[in-house]
Amino acid sequence: MSDDDHGGRSRRARRLDLELLLAVLFVVLLNALHLSPRVVPIHDTFYNLANFHIVYGELLFHGTLPRWYPYGTYGLPSDLEQAASLSAASYAVALAGALLGVRDVLLLFKIGAIAEQLAFVLGVHLLGRRVFASRATTLLLCIAAAGSVVWNGQQWWDFRLYYLLPLVLYFVTAFVETRRPHFFWAAGIAGVAWALGIPPYATPVLALGVAVVGAFAAGRDAPRLLARLAEPSAANALSLAAFAAMAAAYAWFVTHALDHVSLHAPGRDAATGRVSAETFRTYGGNANLLVVANAFLFGWPLQLPWGNGADNSVYIGLLPWLGVAVAAVRERSRLFVGLLAAALVLILLSLGGAFTRLAYHLPGFGYYRHVGLVFGLVKVLVLLASGFGLERLWALGAPRLSHPLFALAAGALLLEAGFACLQAAGPGVWLRSGPSHVLVRLSAYAALLVAARVLRAPLRWPLALGLAADVALFQLALWELRIPILPPRERPLLAALAAREVVYRPIRQQEPQPPPGPDRTEAEAATARSALELAARQQRVGPGIKELYWYVYQFASFDPCKSRHRTDYLPAGVDRLFRVQERAGFELAPIVGCGRPKLRLTSAVRFARDLAEAEALLPAARAAPDAPTVIVRQSPPSAPAAPAGPVRGEVRVTAFELGLLEAEVRVDAPEGAWLVYADAYHPGWRAAVNGRAASVDVADLAFKAVAVPPGRSTVRLWFDHGANAWLRWVVAGFGASAAAAALVGLVAALYPRRPRVAGDG
């Protein structure tokens with residue numbers, strides 16, 4: 001089929017782009033059921049929801065971003081959680097929600113997920129309109145893209161791993177076609193936005209896929225194209241500066257996110273974070289190509305079974321594969337070859353064989369360990385490549401739908417699909433049968449083509465509707481079989497997802513209970529229990545079972561004596577304390593504050609000039625009758641410490657944020673005392689006593705201590721992580737700006753000012 005409407009495009013300036021509008025509405029329609037509060041994300045997407053909840057609460061109630069996560073690991077910088085869990089859309093909806101005072105965090109998170117899907121479809125639309133002459137091709141690609149998205153269980157290793165790939169490739173293609181360097185830097189800026197909200201070590205895989213496509217698209221023109229990057233123009237200089245600034249800000253932010261932190265992730269080097277070659281090759285499973293082919297062609301299994309069993313979904317509908325088949329025979333464009341070459345590279349990477357061993361030595365790949373979970377990227381590359389075949393189909397002309405054999409075949413499909421549904425044991429049971437599901441999808445195409453023949457409608461509309469029905473049926477199967485619904489009896493757990501202010505926990509406990517004090521309530525403990533129960537539930541339900549991570553404690557605003565869940569990193573000092581305790585065998589609970597106040601006044605101290613001396617002193621100190629705290633000071637006080645004994649006084653916390661604590665302290669001892677805070681030491685912690693800067697010293701290898709004078713004092717502790725203290729705002733501002741730019745781009749694409757004429761580029 002060929003479009004006959006190109007000639008009048010110039011006369012339709014500023015008119016609504018109907019095809020893009022339909023794609024946008026299709027995205028919203030597919031997500032309508034997900035907006036129910038009974039649909040709560042599972043697995044790694046719940047991890048992102050929990051971090052979004054934490055960040056949003058801090059932004060809403062304190063007007064700031066978290067700097068420190070005090071609960072679950074004795075205290076850690078929050079930078080990595082922010083970098084890995086918050087996408088550009090997350091920042092935008094968090095800012096908008098905070099300005100409007102929204103308390104429904106789950107709804108905000110889902111709006112962000114829908115915004116990400118719209119960005120995905122926008123990228124497909126822009127790339128399609130640049131590469132393909134037919135609007136029908138772009139419409140079909142957008143429909144398939146929208147219907148292929150599965151985000152409820154795995155954002156990291158599926159949806160967010162590919163959602164901005166089409167937009168990046170749009171800018172790369174524009175650079176190759178126009179040779180204007182600002183398009184190249186725009187691709188880089190979009191790439192930085194793409195990196196937000198995924199584990200940073202995944203970015204080399206994204207870069208590899210884009211580099212392969214770009215290299216093939218450029219071909220022999222690559223040297224001349226690269227030379228254009230040095231073009232002395234204002235647009236080039238500004239776009240280069242913007243890319244360099246944002247890339248450098250992101251790189252510094254994530255590189256220093258885990259300073260002074262010890263890694264305990266399986267298969268990772270504790271010092272460098274690198275994985276072994278064997279871990280790189282096998283962690284998370286390797287691909288079975290027969291299973292991949294079935295899932296690609298027939299949408300069965302619904303999700304690839306390795307990894308967690310719900311990590312990758314690859315179905316793009318039946319029609320795009322017809323386009324792939326036609327293009328494989330007839331298309332030889334460099335972009336088409338580049339798309340398939342990148343898909344092939346990623347497939348080879350997923351197999352865990354010789355190519356995977358070689359890829360381990362590529363820059364940055366030594367930190368990656370999910371080679372079997374790249375099929376979301378492969379899916380999108382194949383989908384984009386299918387557009388070339390669909391273009392060829394239109395050029396071949398419309399088939400003769402009036403032929404009797406067509407009507408016979410369509411009728412047979414409809415009857416077979418009907419029997420498959422009727423013979424099922426109950427309503428919807430056919431969804432659980434792969435062959436029945438495929439028959440029903442094929443029958444949808446057949447029925448719509450017959451209707452087109454009767455109504456004499458253009459072929460693109462029955463194909464578009466058939467593809468929409470195809471992927472919608474796939475989404476229906478996912479909804480019925482893979483999306484867990486919160487039962488009515490568990491709906492009270494949703495209270496944990498309302499925006500709430502972080503609660504200071506004065507003691508560590510085994511289970512959430514109201515700690516002593518007039519300002520502590522059972523409601524706080526009940527909310528913490530609900531949060532812990534909800535997080536555990538969302539890892540149990542659905543396909544596979546995910547480990548629960550330590551983040552759940554910060555989400556619950558509860559501090560356990562010891563984490564029961566997976567902890568991939570610990571503060572360096574806490575890690576050192578645990579190793580010393582393991583060798584010496586002394587009791588740890590009095591130090592870490594289990595059942596005891598985390599803030600305490602003491603005059604029983606011993607001084608060490610460095611950590612090595614403190615490590616040697618600590619076992620004996622713990623065995624002494626007064627169990628003194630070992631404090632590290634390069635220049636210990638010349639006068640002896642005050643006589644050991646209980647220090648009379650009071651500590652009352654008056655302000656608490658994620659990275660700040662303020663307390664009113666009364667010390668009755670005339671010599672003063674040490675305020676020891678059983679929260680992890682980090683060189684970024686600062687203190688002020690009565691408005692004057694004070695030293696924050698290492699206590700018992702792991703925690704913080706501040707000298708306090710006698711009488712009443714105001715002690716303020718805050719976390720200042722060097723450049724990251726302001727870079728977290730730069731990253732957040734860039735993310736929100738990128739999301740706003742995408743929104744502007746979507747509106748501009750819906751109302752194009754100068755629609756592109758066929759053959760232009």
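Please treat every number below as a calculation from the coordinates, not as lab data. Not measured: the values here are computed from a predicted model. Cβ placement follows ideal geometry from the backbone for every residue including glycine, while neighbour counts extend to all protein chains displayed.
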If R0 = 60 Å, then GLN510 and ALA748, at their Cβ-Cβ distance, give a FRET efficiency to the nearest 0.05 of 0.60
For segment 663-714, calculate the relative contact order in percent as a whole number, restricting contacts to Cα pairs under 8 Å that are 6 or more residues apart. 51 percent
Report, in debye and to the nearest 20, how large the dipole of segment 598-719 comes out about its Cα centre when Lys and Arg carry +1 and Asp and Glu carry -1 on their Cβ. 200 debye
Check TRP68: other-chain or 5+ apart residues with amide H under 5 Å from its amide H, H built from backbone geometry? SER78, GLY659
Put in order of increasing Cβ neighbours within 10 Å, starting from the fewest, PHE375, PHE280 give PHE280, PHE375
Counting only GluC sites (Glu not before Pro) that are in a DSSP loop and have at most 16 other C-beta atoms within 10 Å, tell me the longest site-free stretch of the chain. 1-500
³J(HN,Hα) computed for each position of segment 356-372 - Karplus, 6.51 cos²θ - 1.76 cosθ + 1.60, integer Hz, glycine/proline x: 4, 5, 5, 5, 4, 8, 6, x, x, 6, x, 9, 8, 7, 10, 5, x
Note the angle between two axes, namely the Cα long axis of helix 522-540 and the longest principal axis of the Cα atoms of the chain, as a number of degrees from 0 to 90, rounded to the nearest 10. 40 degrees
A correct Stokes-Einstein calculation for the chain, using the alpha-carbon Kirkwood radius, 37 °C and 0.692 mPa s, returns a whole-number D in µm² s⁻¹ of 115 µm²/s
How big is the charge dipole of the chain about its Cα centre, in debye rounded to the nearest 20, if each Lys and Arg gets +1 on its Cβ and each Asp and Glu gets -1 on its Cβ? 1660 debye
Nearest-0.05 FRET efficiency for ARG537 and ALA616 at R0 = 41 Å, using Cβ-Cβ distance, is 0.30
Residue-wise HN-Hα coupling along segment 237-251, computed from phi with Karplus coefficients 6.51, -1.76, 1.60 (Hz; x: Gly, Pro): 5, 5, 5, 4, 4, 5, 5, 4, 5, 6, 5, 5, 4, 5, 4
If amide hydrogens are placed 1.01 Å from N in the peptide plane, which non-local residues have theirs closer than 5 Å to the one on SER262? LEU570, ALA572
Using a cut-off of 17 Å between alpha-carbon atoms, which lysines can reach LYS598, once sequence neighbours fewer than 8 places away in the same chain are excluded? LYS562, LYS704
Please rank TRP306, TRP68, TRP151, TRP726, fewest neighbouring Cβ atoms within 10 Å first, as an exposure proxy. TRP726, TRP306, TRP151, TRP68
For segment 288-294, in order, what is each residue's ³J(HN,Hα) by Karplus, 6.51 cos²θ - 1.76 cosθ + 1.60 with θ = phi - 60°, in whole Hz (x at glycine and Pro)? 9, 5, 5, 5, 4, 4, 4
Lys, Arg +1 and Asp, Glu -1 on Cβ, resulting dipole of segment 4-126 about Cα centre, debye, nearest 20: 420 debye
Taking the Cβ of each residue in THR203, THR629 as the centre, tally the other Cβ atoms inside 10 Å and list the residues starting with the fewest. THR203, THR629
Restricting to DSSP H runs of at least four residues, report the calculated mean residue ellipticity at 222 nm for the chain, -39500 (n - 2.57) per run over all residues, nearest 500 deg cm²/dmol. -16500 deg cm²/dmol
Loop-exposed trypsin sites (Lys or Arg not before Pro) per DSSP, neighbour cap 10 Cβ within 10 angstrom, longest uninterrupted part of the chain: 15-331
Provide the FRET efficiency to the nearest 0.05 for the LEU229-LEU344 pair, computing r from the beta carbons and using R0 = 30 Å. 0.60
Would you please give the residues with an amide H less than 5 Å from that of ALA608, counting only those at least 5 places away or on a separate chain, with H modeled from the backbone geometry? ILE631, VAL632, ARG633
Would you work out the relative contact order for segment 598-719, in percent, from Cα pairs under 8 angstrom that are 6 or more residues apart? 28 percent
